[in-house]
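Values in this text are rule-based calculations from the coordinates and carry no lab data. Being a predicted model, the structure only gives us computed values, none of them experimental. Every residue, glycine as well, gets a Cβ built from its backbone with ideal geometry; the counts of neighbours run over all protein chains shown.
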Amino acid sequence: MIGRLLLAFLLLCGPGASCLPASDGSPVPLAMWVWDARHITSQPARDQLLAFCRTQHIATLYVTAYQLPPDDAALYRVFLRAAHHQGISVQALAGDPRWALSRYHHLPLAWAEGILAFNQAGRPEERFDGLHTDIEPYLLTKAWSDHPAQLLGGLLNLHAKIADRVADHRPLQLGVDVPFWFDDDPAYLIEWHGQVKAPSHHLLDVADSETVMDYRNYAEGADGAIALATQELDYADQVGKTVFIGQETQPDLFPSYITYGGKPAAYWWGEVAKLAAAFRGRKSFGGVAVHHYDSYRKLVG
Amino acid sequence: MPPRTRLLTLILGGWLLVGGWPVTSAQADEIYFTSGESLKGLVVEEHVDRLVVSTVDGERVVWRRDVDEAFFDDPERNYLYLGDEALEAGDVHGAVALFQKAAQFNAELEEVRDALRRADDRRRKLETLWEVRDPEAALRKHWGLRLAPTTGGAPKIAVVTTPSFAERAGLQADDQVMAIWGASMAYRPVTQVAEWLLGPSGSAVKLLIQRDLVLSASALPGGKWPGFEPAMTPAGLTVAETGPLGAAAGLRPGDRIVAINGHATRYLPLASVRALLDRLKGTNVSLQIQRALFLTRPGEEGT
């Protein structure tokens, strides 16, 4: 079945085409990280990003929005208006591994409050649709190795606090980036609020969506992207939350199997077709999230 | 990391009063000390043992041993800072991951590119089990130079032998080695600086040297003053192009001018620099410049 879908897709779209496969004829919902704020603050870059989203059917953007000077804030409003006019949902993206440390929670909370204030000060079409965190506490390798539970506990507590604030500002959403292995390794099971669960499941309890950094450049197989994300989708189905499947496109990463960077675009689309075919029936499946704009442009450009 | 000059105009303009968005945060770096205190400002220098923070009350030196964490207003700088901490702790893979995060925000930033190269340099040395028993002796033998410590920070080149690799590379006695692949060499033991300079034969290394030059109208009578076109870039006051007078003084396009007659240019707007140079016309002007040199390390036969 998947093979037939893939063949049909390749015949329809072909290499270099800018559409994505779907078994029911609709494009696979795509999200995309945009880290470099200059894509928002420079008008030509902003126009290019929006045009790219149109041709690539990008429905959701996670856009860096941290400590913006007032001049940039005005440009973000311009971008948000244009993106919303185009039907794109935009989440304010920020994070730092140290945000998982309880003693620094005031920083991400100030960020969250800043986004809320930004939204309140703008017209509805100029507002962010969500907050999106990318904290990755395991990048603090020594602290992570010495006391992972402390960092994980801090990560969970922080998201509970942010979720509390978001709850007062619906329909604002809270999205969280998590690595696929948060629920694959029993070593990271953690008791929180009286329940022992994987960190990614606890996070799904408090957030609206997770984007699983499911970085494999092949969809199938025991170590493929489908297998590695299945538990997150199972849990999200149970609790009524949404999961995006993050896929890496940056070139020259190690190990090479974590990224589509350097692979032909047709191969990428073929693997995305397999992901979509595997997850499309799941109510929790939000789509595929592409990491990230600069490298994805090169991959499919 | 070499001195930063970004956003200093905001300081001159009273940046702590800049509000707007996010309404709860001023646009500033913030240092959190282990004592529980914190300091807002702009981190303008990062060295192995200390940070220099520009505040509304002037520059302050803070010791890393007293710092719990430093948070920067630019996300990429947070990842550079964390990556450097990992690298200093010997965690090369961790550093690479953090530097790659920084690259996501701005892959074109020189500091980001340098950070990735210095992590790669360290990784290459580890993978090839490269080591040298006496770095200072090896530097003398293969580069033809001897380093000497200074009281003011970065080590100075005490001697450049002739002929030598160092001489061919354009290094001169009295040059200071400010940074290697963007990492500050100030306040490090000379042996450690020698270790950073050395590496597998054929590998690349980027040095930032500091040199004192004298711009003199009498060196080239009739030459157009000041003999170079200054420009303000994100890296600071930079020589955009040189005329005969500037070239005679030893200036090159791309040189960063860090002091004019002993006055730091870090906080000087370009208009003030031009006015200062106009006032100094006809005199001997001492310029302290910083220059990046890209070298290919010599092998055993390097001398």
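Structural remarks
- Note on the range B:62-165: with charges restricted to the Cβ of Lys and Arg (+1) and Asp and Glu (-1), its dipole about the Cα centre is near 760 debye.
- Farthest positive-ward along chain A dipole, Cα basis, beta-carbon charges - from A:TRP269, A:TYR257, A:ALA110: A:TRP269
- Once the Cα-Cα distance is subtracted from the 0.36 nm per residue extended length, the B:GLN192 to B:ARG60 segment shows a gain of 44.9 nm.
- Residue-wise HN-Hα couplings along the range B:51-60, as the Karplus relation 6.51 cos²θ - 1.76 cosθ + 1.60 with θ = phi - 60° gives them from phi, are 10, 10, 10, 8, 10, 5, 9, x, 7, 10 Hz; Gly and Pro carry x.
- Gyration tensor verdict on the range A:98-217 (Cα atoms; rounded if a/c is under 1.5, prolate if a/b is larger than b/c, oblate otherwise): prolate
- Extreme residue, positive dipole direction of chain A, given options A:TRP192, A:VAL78, A:PRO148 (C-beta unit charges): A:VAL78
- Modelled spin-label separation between B:SER201 and A:TYR218, with each label point placed 7 Å from Cα along the Cα-to-Cβ direction: 4.1 nm.
- At R0 = 22 Å, FRET efficiency that the Cβ-Cβ distance of A:ASP146 and B:THR34 yields, to 0.05: 0.80
- Overall form of the range B:35-75 per C-alpha gyration tensor (a/c, 1.5; a/b vs b/c): rounded
- The convex hull built on the alpha-carbon positions of the protein assembly as shown has an orientation-averaged projected area of 30.2 nm².
- Packing-based exposure ordering (other Cβ within 10 Å, fewest first) of A:SER89, B:SER201, B:SER35, A:SER200: B:SER35, B:SER201, A:SER89, A:SER200
- For the range A:130-142, 3J(HN,Hα) computed residue by residue from phi via the Karplus equation (6.51, -1.76, 1.60; θ = phi - 60°) reads x, 9, 9, 9, 9, 9, 6, x, 5, 6, 7, 4, 6 Hz, glycine and proline entered as x.
- Relative contact order [Cα under 8 Å, 6+ residues apart], chain B, whole percent: 15
- Once backbone amide H atoms are built at 1.01 Å from N, A:GLY95 has A:ASP134 as its partners under 5 Å, excluding neighbours fewer than 5 places away on the same chain.
- Part-to-part distance (alpha-carbon centres) for the range A:186-219 and the range A:124-150, which is given in Å: 13
- Within chain A, antiparallel bridges make up roughly 10 percent of the DSSP beta bridges whose residues both belong there.
- Taking the Cα centre of chain A as origin and assigning +1 to Lys and Arg Cβ atoms and -1 to Asp and Glu Cβ atoms, the resulting dipole is close to 700 debye.
- Here the spin labels are modelled as points 7 Å beyond Cα on the Cα-Cβ line, and at B:HIS93 and A:ARG282 they lie 2.7 nm apart.
- Debye, to nearest 20: dipole size of the protein assembly as shown, +1 on Lys, Arg Cβ, -1 on Asp, Glu Cβ: 1540
- In Hz, Karplus ³J(HN,Hα) per residue of the range B:221-234 (6.51, -1.76, 1.60; θ = phi - 60°; x = Gly, Pro): x, x, x, 6, 7, x, x, 7, 9, x, 9, 9, 10, x
- Alpha-carbon centroid distance for the pair the range B:95-167 / the range B:247-303, whole angstrom: 22
- Anisotropy class of chain A from Cα gyration tensor, a/c 1.5 cut: oblate
- When you filter the trypsin sites (Lys or Arg not before Pro) in the range B:227-288 for DSSP loop state and at most 10 other Cβ atoms inside 10 Å of their Cβ, you are left with B:LYS281.
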